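Report on one structure; see the data block that follows.
The values are calculated or read from the model by the stated rules, or taken from the named source; none is laboratory data. The structure presented is a predicted model; accordingly, all values stated were derived computationally and were not measured. Don't worry about glycine lacking a Cβ; one is built from the backbone with ideal geometry, like all the others, and counts go over all protein chains shown. Remember, those area values only see protein heavy atoms, side chains included, never the ligands or the DNA or RNA. Shrake-Rupley method; radii C 1.70, N 1.55, O 1.52, S 1.80 Å.
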Amino acid sequence: MRSGADAAVLRTRVAELMPQARRELAELVAIPSVADPRQYPPQECLRAARWVADRFAGVGFPDVRLAPTPDGSSAVIGTRRCGDQDAPTVLLYAHYDVQPPQREDAWRTPPFSLTEVDGRWYGRGAADCKGNVLVHLTALRALGSALPVHLTVVVEGSEEQGTGGLEAFVPEHADLLRADAVVVADTGNAAVGEPALTVSLRGTVHVVVTVEALTSAVHSGVFGGAAPDALAALVGMLATLRDERGATTVDGLPATGEWSGAPYPDEQFRQDAGVLDGVSLLGGGTVADALWARPAVTVLGIDCPPVVGSAAAVVPRAGARIELRIPPGVAARPAGEALVRHLHRAAPWGVRVTAQVESAGEACRPATGGPAHRAMTAALHAAYGVPPVELGQGGSIPLCGVLAATYPAAELLLIGVEEPLSSIHAPNESVAPQEIADMALAEALFLQSYGTAPR
């Protein structure tokens, strides 16, 4: 790590850049870049991609461009070379696409308008992951032209949809993104002001299941009681995915893993997750075990008649979208196939079941202890004033498994601004502006020191 004076100078520069960071984050949040043409026009993602490309061109990436990927999304890719040909290369990653806002009436502020409330900045993507795009830009602006490493940047356009555009692109263009260290800015800290490196990512599998029992709806008074109810069948099938303690029980998947890193206290988790008084936490181990070391099933959505407007009729057809999170050591495709088999076996009354894996991404456990990991640990310590902890991440970044397989010698460093209060993927997503400032400082210190770190 460079001297304390250097760190102090960079801290001042970052502080001076924060008004610009806020203006630009507001511009980027205002673009509804949901990578699902069923919900938002694809032109919005293209507009966000061009915005990102323009900003990285302005911080020294002369060849930045939009690269089409196999799922139809565009990745922003660019390179910046330093004067030392033998310097290491760092790949900076983030994504510009966002989750849909869901019910806009559940937001306390407009979802696509960055709004300050009680010192936090609210808006869809403010943390996940547009806030992290601003971390990269702010760090590079603070450093200016003096940089002892080569840089490549890739900002993905369909990470939230799990359609695998960049995952398919990387192996086909391996030399384009090859690096010694990869800074994946799409995770976060244990809490505001408490730095962390993520050292374990769960994988994810999405399965869509449909149950059919009748050719059409029939009067529940005339036929109910003997006519098979597709919705009741589906509910029963979904109920078999958890035991009486709420632990996930998919036939063929191990569910006894234990987390060996930093703990997640029950009361802190209850507060972070907004668990209601009197409602139990799930699973048979610790919170950290359940989040980072064991499979977890979530029912994301159900197709069935809504309460308002429902008729007195037996439901002939129902469906659900199910998410399965898996810890490192469990392969995604076999896990998805196990979930599909489980659903078929659990189906009652001979109902017709169609279940298929919609998407899958592998879990990842980045190696620790290398020069990049040491440099980032020191940088986080210097930026935050306290040493970082090592955490797991219940969320998934499918690209990380692809990067680890394509570049086995590269070090993956997972950091970001998405701490528990950010409510990512939910209404009222927000970011603490100090997290953007501190994480940008940490990244600047890392880039400044990694090029001269012993190997």
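The helices (runs of 4 or more DSSP H) falling completely within segment 262-362 that include 3 or more residues that are open to solvent by 80 Å² or more (accessible area, probe 1.4 Å) map to 266-273, 332-346.
Close contacts from segment 9-25, counting a first residue that is in a helix (DSSP H, G or I) and a second that is open to solvent by 30 Å² or more (accessible area, probe 1.4 Å), with Cβ to Cβ under 6 Å and a gap of 6+ residues or different chains, come to Leu17/Arg141. Scanning segment 154-167 turns up no residue that is open to solvent by less than 10 Å² (accessible area, probe 1.4 Å) and within 24 Å of Pro454 (Cα to Cα). The residue that is nearest to Gly350 (Cα to Cα), among those in segment 215-238 that are touching a residue at least 60 places away in the same chain (Cβ under 8 Å) and assigned to a loop (DSSP other than H, G, I, E, B), is Pro228.
Can you say whether Ala320 is among the hydrophobic types (A, V, I, L, M, F, W, C) and out of contact with any strand residue (DSSP E or B) (no Cβ under 7 Å at 6 or more places or on another chain), as far as the supplied structure shows? Here the answer is no, as Ala320 does not meet what is asked.
Name the one entry in Thr377, Thr368 that is in a helix (DSSP H, G or I), within 25 Å of Val192 (Cβ to Cβ) and open to solvent by 30 Å² or more (accessible area, probe 1.4 Å). Testing whether each residue is in a helix (DSSP H, G or I), within 25 Å of Val192 (Cβ to Cβ) and open to solvent by 30 Å² or more (accessible area, probe 1.4 Å) leaves just Thr377. Within segment 387-402, restricting attention to residues that are out of contact with any strand residue (DSSP E or B) (no Cβ under 7 Å at 6 or more places or on another chain) and part of a loop (DSSP other than H, G, I, E, B), the residue that is least open to solvent (accessible area, probe 1.4 Å) is Gly395.
Listed by position, the strands (runs of 3 or more DSSP E) inside segment 67-135 whose residues that are within 16 Å of Leu46 (Cα to Cα) number at least 3 are 74-80.
Every residue, every condition in (1) among the acidic types (Asp, Glu); (2) surrounded by fewer than 17 Cβ atoms within 10 Å (Cβ to Cβ); (3) under 22 Å from the mean Cα position of the chain (by Cα), yes or no:
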| site | (1), (2), (3) |
| --- | --- |
| Cys45 | no, no, yes |
| Ala67 | no, no, yes |
| Arg80 | no, no, no |
| Gln85 | no, yes, no |
| Phe112 | no, no, yes |
| Gly125 | no, no, yes |
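Within the option set Phe223, Phe269, being of a type in the set (Phe, Trp, Tyr) and under 29 Å from Ala332 (Cα atoms) holds for one residue only, Phe269. Residue check: Ala405 meets all listed conditions (1) open to solvent by 10 Å² or more (accessible area, probe 1.4 Å); (2) over 17 Å from Lys130 (Cα atoms); (3) outside any helix (DSSP H, G or I); (4) modelled with pLDDT under 95 but one, namely (3).
Filtering segment 177-194 to residues that are open to solvent by 10 Å² or more (accessible area, probe 1.4 Å) and either at pLDDT 95 or above or part of a loop (DSSP other than H, G, I, E, B) (or both) leaves Arg178, Ala179, Asp180, Asp186, Ala190, Val192, Gly193, Glu194.
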